[in-house]
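Have a look at the structure below before the remarks.
The values are calculated or read from the model by the stated rules, or taken from the named source; none is laboratory data. All values derive from a computational prediction rather than experimental measurement. Cβ placement follows ideal geometry from the backbone for every residue including glycine, while neighbour counts extend to all protein chains displayed.
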Amino acid sequence: MRNSFKNLSFQELKAKREELAKKYMDLRFQMVIGRVDNPLQKRVMRRQIARINTLISVQEKNAAKQALMAEKKA
């Protein structure tokens, strides 16, 4: 699951981040209620969201760098 996000496009990463954020919020509510089978799932989801955020920032930086290079050439 760790490397499964690397081949996603920018828009897919953003959509996946939103999906995981919603699931994480639901999981947090379930933990308050006390109906969670696997309490470690919260940590796993938080780390997945962090991985996706890292990939999004890398792609944004690369796009900005490419735009700057194209601007310098023109």
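Tabulated data
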| quantity | calculated |
| --- | --- |
| Hey, A50 in a helix (DSSP H, G or I) and within 11 Å of the chain's Cα centre (by Cα) or not | yes |
| Among (1) in contact with a helix residue (DSSP H, G or I) (Cβ under 8 Å, 6 or more places away or on another chain); (2) modelled with pLDDT under 95, the one test that L13 misses | (2) |
| Single match in K22, K14 (criterion: under 24 Å from N62 (Cβ atoms) and either in contact with a Lys or Arg (Cβ under 7 Å, 6 or more places away or on another chain) or not hydrophobic (A, V, I, L, M, F, W, C) (or both)) | K14 |
| Residues of the stretch 59-74 satisfying the condition of being modelled with pLDDT under 90 and either outside any helix (DSSP H, G or I) or acidic (D, E) (or both) | E71, A74 |
| Hits in the stretch 35-56 - residues which are of a type in the set (K, R) and either free of Cβ contacts under 8 Å to residues at least 40 places away in the same chain or loosely packed, with under 10 Cβ neighbours inside 10 Å (or both) | R35, K42, R43, R46, R47 |
